[in-house]
Amino acid sequence: MGSAGETGVERDRPWIFRTYAGHSTAAESNKLYRGNLAKGQTGLSVAFDLPTQTGYDPDDLLARGEVGKVGVPVAHLGDMRALFDQIPLERMNTSMTINATAPWLLSLYIAAADEQGADRALLSGTTQNDIIKEYLSRGTYVFPPAPSLKLTTHVIAWTYSNMPKWNPMNVCSYHLQEAGATPVQELSFALATAVAILDSMKASGAIPEEDFPKAVGRISFFVNAGMRFVTEMCKMRAFTELWDEICRERYGVEEERYRRFRYGVQVNSLGLTEQQPENNVYRILIEMLAVVLSKNARARAVQLPAWNEALGLPRPFDQQWSLRMQQIVAYETDLLEYADIFEGSSEITAKVEALKAEAREELARIEAMGGAVAAVDSSYMKRKLVESNSARLAGIEAGDQVVVGVNKWIESEPSPLASGEDGGILTVPEHVEEEAIAKVAAWRSERDAAQVETALAELKSAAQEGRNIMEPSIAAAKAGVTTGEWGRTLREVFGEYRAPTGVGQAVRDDAGDLENVRKDVEAVSDKLGRRLKFLVGKPGLDGHSNGAEQIAVRARDCGMEVVYEGIRLTPAQIVNAAVEEDVHVIGLSILSGSHLALVRDVLERLREAGASDIPVVVGGIIPEEDESQLKAMGVAAVYTPKDFQLTDIMADVVKIVAKTDMQAA
C-alpha cells in the first residue's frame with residue numbers, strides 16, 4: 001500500500017453497496033431495484049412482506065393488513081419473475097432477508113433464474129436463513145427449532161453441491177442488537193448460533209468430511225453497528241478473531257480463506273429517532289465507519305437505513321441519500337488505499353481482548369446448557385435480551401445515555417425534510433392488498449391443479465421422510481404452488497411453535513422511579529375491587545416484539561396484572577382473551593404499518609362482543625394523520641417512538657382506566 005498523495009496506488013475493491021428495499025408489489029419493487037442499480041448500487045437486498053416471511057398467501061386471515069407493508073409480497077413464481085424482470089440473476093449479487101421460508105424463496109429464485117437460462121453455479125448472493133434469532137428477536141419463525149434447523153441444513157447441503165457461490169446461511173446478529181443485546185451478547189449469541197448450525201450440519205453427514213471446510217467457508221454473518229463507534233469497531237475485530245478460533249479449533253479448518261469472517265451489515269435502525277430525524281444522517285454515517293474503517297474486519301456488503309425510517313417507509317430519494325453516503329466514503333476518500341489503520345493500537349487491542357474474554361465466558365455458559373437451541377427453549381437468551389433492553393431504555397429515560405434531540409437538546413426548528421404532501425415517507429395504499437388477493441386467486445385458477453397436488457404430495461413426503469426438501473420445493477415452485485400452500489404443507493408435518501416471551505422472568509432492579517405509578521395502580525385497583533389488568537397484544541404478523549415486551553415488563557413492575565401471550569395473534573384471539581381475562585385495558589403494539597386495518601378489526605370485534613367499554617391504546621411507527629384516524633375510531637391514546645418514557649405511558653394508562661371506570665359508574 002502506498003501513502004497519501006502518491007500516484008498509482010492500488011486501491012482495495014469497495015464493499016458491495018446495497019439498500020434494503022421492497023414494498024407494495026413485485027412490479028413496483030422491480031422498478032425501485034432497477035432505479036437503484038442505475039444510481040450505482042452494486043447488489044440487491046430484498047425485503048419481503050410479513051405474510052411471505054411467515055408462509056402465508058395474501059388472502060389468508062393472518063395476512064390481513066400486512067400485504068406489501070414492510071416488504072414485497074411474493075406468493076408464487078409469477079411474483080418472483082416480476083420482481084427480477086430485466087435483472088440478469090447470473091450477474092447479480094442478491095441478498096434475501098428470509099428465514100423460516102428461506103428454502104421456499106430460494107426455490108422460487110432458482111426457478112426464476114432457470115427461466116432466464118442462468119447457470120445455477122454462477123448464482124451469487126445470500127439467504128439469511130438464521131432461524132434461531134427469529135425466536136429471540138424478529139419473530140418470523142414458523143416451525144419449532146429442531147425441524148427449522150433441519151431445513152437450514154437442507155439448504156446448506158443442497159447449495160454446496162448446486163450453487164457453490166451462494167451463501168446459504170447468514171448468521172444474523174443484527175436483530176439481536178435491535179432487541180437490546182450488549183456487544184458481548186451479540187458476539188456470543190451469534191457465534192453460538194453458528195456453532196449450532198455447523199454441528200447440526202456435521203452430524204447430518206450430508207457433506208463429505210473432507211469437504212466440510214468448504215461448507216464452513218460459505219457461512220456468512222449479518223451484523224449491526226451502533227453509535228458507540230470504538231466499541232462497535234472492536235466488536236467486529238473480536239468477531240473475526242473468535243470465528244477464526246472456532247473454525248480452527250472446533251472444526252479443524254486449516255485453510256485461512258475458509259476461516260474468514262465474511263459479513264454484511266445494516267447499521268443500527270434502533271438508534272434512529274423520530275424527533276429531529278435529520279440527525280439520523282450523521283448517526284448512519286458514524287455507524288457505517290465502524291464497519292469499513294478497519295480493513296482487517298471490513299464488511300463485504302453494507303446496506304444503510306434511510307434517515308426517515310423511524311417515521312415510516314423511505315422514498316427513493318431517501319434511499320439514494322444513503323447510497324451516496326457509501327459511494328462518497330469509498331470513492332472520494334483515500335480509505336481504500338491503506339492497510340489496517342488500527343493494527344498495533346494498544347487501546348484497540350485491549351478492548352478487543354476484553355470483548356473476546358467475556359464472549360468466551362458466555363459461549364461456555366450456552367454450551368453447558370446444551371447449545372443455542374437449548375438456550376432458546378429454556379428462554380435464557382430471550383430473558384437476557386429483555387433485561388438488556390430494559391437497562392438500555394432505563395438509561396435513556398434517566399438521561400444517563402444521551403440521545404440528542406430526544407432527552408437532551410430537544411429544542412428544534414421544524415424540519416423541511418418531513419414536510420410536504422407525502423409527509424416525508426412513502427405509504428402503501430390500501431388497494432395493494434385487495435389487488436394481491438385477486439392476483440393470487442387468478443394465479444390458482446390458471447395453473448394445472450393436478451401438477452400442484454402432485455408437487456405438494458412429494459414435498460410432504462420428503463418432509464415426513466427427512467429427505468432434503470430443496471428439489472421438491474423447486475419442482476413445487478415450477479408447478480405454481482403458492483407460498484401459503486408450501487407453508488401449510490410443512491406446518492402439517494412439523495407443527496407450529498410459540499417462542500418464550502422472556503417477560504415473566506426478566507428482572508429490573510432500578511425501579512425507584514415507579515413508586516408514584518405503583519401508588520396510583522393500587523388506588524385504582526382498590527376502586528375496581530381487583531388488580532388492574534392490562535392485556536398487551538401483538539396482532540397480525542409483526543414479530544418485532546421489543547416494544548411490547550418492555551411495556552409488559554414495565555406494567556408488571558408498576559403493579560399491574562399483565563396478560564401477554566407473545567406475537568402473531570389474530571384480532572379475534574386478542575378480543576377473546578380480553579373478554580375471557582376480563583381485562584381493564586388493551587395495548588396493541590404494531591410496527592409493520594398495518595395499524596389502521598388491525599386496530600379497526602379489534603375495535604369492531606370488541607363492539608360485537610359487547611366489550612366496547614374496554615379502552616384500547618396503540619403503540620408503533622404511526623404517522624400523525626394515522627394517529628388522528630385511530631383516535632377517531634375510538635382509540636384512547638397513541639404512542640410512537642418519541643414517547644420513550646415508559647413510566648409516563650404507564651401513568652397515562654392508569655388514568656385512562658380510572659376515567660373509564662368513573663364513566664361506567
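The values are calculated or read from the model by the stated rules, or taken from the named source; none is laboratory data. Quantities reported herein were computed from a predicted structural model and do not represent experimental measurements. Cβ coordinates were reconstructed from backbone atoms using ideal geometry, including for glycine residues, and neighbour counts include every protein chain displayed. All accessible areas refer to the heavy atoms of the entire protein, side chains included, with ligands and DNA or RNA removed. Shrake-Rupley method; radii C 1.70, N 1.55, O 1.52, S 1.80 Å.
If you take every DSSP beta bridge whose two residues both sit in the chain, what share of them, in percent to the nearest 5, is antiparallel? Numbers along the way, then the final one.
Details: 1 of 45 bridges.
The antiparallel proportion sits near 0 percent.
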Next item on the list: Among 252, 27, 282, flag the residue with its Cα farthest along the positive direction of the charge dipole of the chain, charges on Cβ as +1 for Lys/Arg and -1 for Asp/Glu.
Entry: 252
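Cα gyration tensor of the stretch 408-484, axes a ≥ b ≥ c as square roots of the eigenvalues: rounded (a/c below 1.5), prolate (a/b > b/c) or oblate?
On the way: a/c = 6.00, a/b = 2.36, b/c = 2.54.
Here the stretch 408-484 falls in the oblate category.
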Notebook entry, point to check: For the chain, what is the largest minus smallest coordinate of the Cα atoms on each principal axis, given in angstrom and ordered from greatest to least?
Noted result: 78, 67, 54
Margin query: If the reach is capped at under 17 angstrom between alpha carbons, list the lysines near residue 39, excluding any in the same chain fewer than eight residues apart.
Written below: 31
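Can you give the extra length, in nm with one decimal, that the chain gains between residue 445 and residue 368 once fully stretched, where that is 0.36 nm per residue apart less the Cα-Cα distance?
Working: separation 77, 0.36 × 77 = 27.72 nm, distance 5.33 nm.
So the extension gain works out to 22.4 nm.
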Margin query: What number comes out for accessible area per residue over the stretch 594-661 if the probe is 1.4 Å? Units Å², please.
Written below: 43
Next item on the list: Using all C-alpha to C-alpha distances in the stretch 514-659, build P(r) with 10 Å bins and read off the rounded percent in each one.
Entry: 12, 46, 36, 6
Checklist line | Per-residue HN-Hα couplings for the stretch 75-80 [Karplus 6.51, -1.76, 1.60; θ = phi - 60°; Hz; x = Gly/Pro] | finding: 9, 5, 4, x, 5, 5
Checklist line | Cα→Cβ-extended label distance, 7 Å offset, between residue 87 and residue 244, nm | finding: 3.5
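Between residue 438 and residue 596, take the C-beta separation as r, use R0 = 25 Å, and let me know the FRET efficiency to the nearest 0.05. Don't skip to the answer; put the middle values down first.
Values: r = 21 Å, r/R0 = 0.82.
Between residue 438 and residue 596 the formula returns 0.75.
Pull out the extension gain between residue 211 and residue 353, defined as 0.36 nm times the separation in residues minus the alpha carbon to alpha carbon distance; nm, one decimal. Kindly include the intermediate steps, with their values, before the conclusion.
Details: separation 142, 0.36 × 142 = 51.12 nm, distance 3.19 nm.
That works out to 47.9 nm of additional length.
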Check: Share of Cα-Cα pairs in the stretch 101-204 beyond 15 Å, in percent?
Finding: 63
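At a Förster distance of 51 Å, what's the computed FRET efficiency of residue 612 paired with residue 254, Cβ-Cβ distance as r, to 0.05? It would help to have the intermediate numbers written out before the result.
Numbers: r = 68 Å, r/R0 = 1.34.
Given R0 = 51 Å and the Cβ-Cβ separation, E is 0.15.
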Margin query: I need to check one value: relative contact order of the stretch 272-360, counting alpha carbon pairs closer than 8 Å and at least 6 residues apart, in percent.
Written below: 27
Next item on the list: Counting only C-alpha contacts under 8 Å and six or more residues apart, can you give the relative contact order of the stretch 592-665 as a whole percent?
Entry: 31
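I'd like to compare 126-132, 151-157: which one has the highest average count of other Cβ atoms within 10 Å, and what's the full order after that?
On the way: 126-132: 26.6, 151-157: 23.3.
Those peptides, ordered most packed to least, come out 126-132, 151-157.
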Check: Under the Karplus relation 6.51 cos²θ - 1.76 cosθ + 1.60, θ = phi - 60°, what is the ordered set of whole-Hz ³J(HN,Hα) values for the stretch 283-299, x standing for Gly and Pro?
Finding: 4, 4, 5, 4, 5, 5, 4, 4, 10, 10, 6, 8, 4, 5, 9, 7, 5
Item checked: In nm, spacing of pseudo-spin labels at residue 522 and residue 488 (7 Å Cα→C-beta vector) -> 5.4
Checklist line | Straight-distance crosslink candidates among lysines, where the alpha carbon sits under 23 Å from residue 382 and sequence neighbours closer than 8 are dropped | finding: 133, 150, 235, 356, 538
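Rounding to the nearest 20 debye, state how big the charge dipole of the stretch 36-132 is about its Cα centre with +1 on each Lys and Arg Cβ and -1 on each Asp and Glu Cβ. If you can, show how the numbers build up before the last one.
Details: 6 positive and 12 negative charges, 65 e Å.
Dipole about the Cα centre, nearest 20: 320 debye.
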Check: Got a sec? Charge dipole of the chain, +1 on Cβ for Lys and Arg, -1 for Asp and Glu; which of 84, 226, 418 is way out at the positive end?
Finding: 84
Notebook entry, point to check: Counting only protein heavy atoms and using a 1.4 Å probe, what share of the accessible area of the chain belongs to carbon plus sulfur, as a whole percent?
Noted result: 50
Margin query: Tell me the Rg and the Dmax, in Å, that the Cα atoms of the stretch 252-403 produce.
Written below: 18.9, 51
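Nearest 500 deg cm²/dmol is fine: what mean residue ellipticity at 222 nm does the chain get from its DSSP H runs of n ≥ 4 alone, each adding -39,500 (n - 2.57), divided by its residue count?
Calculated mean residue ellipticity at 222 nm is -15500 deg cm²/dmol.
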Margin query: Give me the percent relative contact order of the stretch 282-331, please, defined on Cα pairs under 8 angstrom at least 6 residues apart.
Written below: 28
Notebook entry, point to check: What distance in nm separates the simple spin-label points at residue 334 and residue 515, each placed 7 Å from Cα in the Cβ direction?
Noted result: 6.0
Check: Can you give the Kirkwood hydrodynamic radius for the stretch 224-289, in Å, rounded to one decimal and based on Cα pairs?
Finding: 13.6
Check: Out of every Cα-Cα pair in the stretch 542-588, what percent are more than 17 Å apart?
Finding: 34
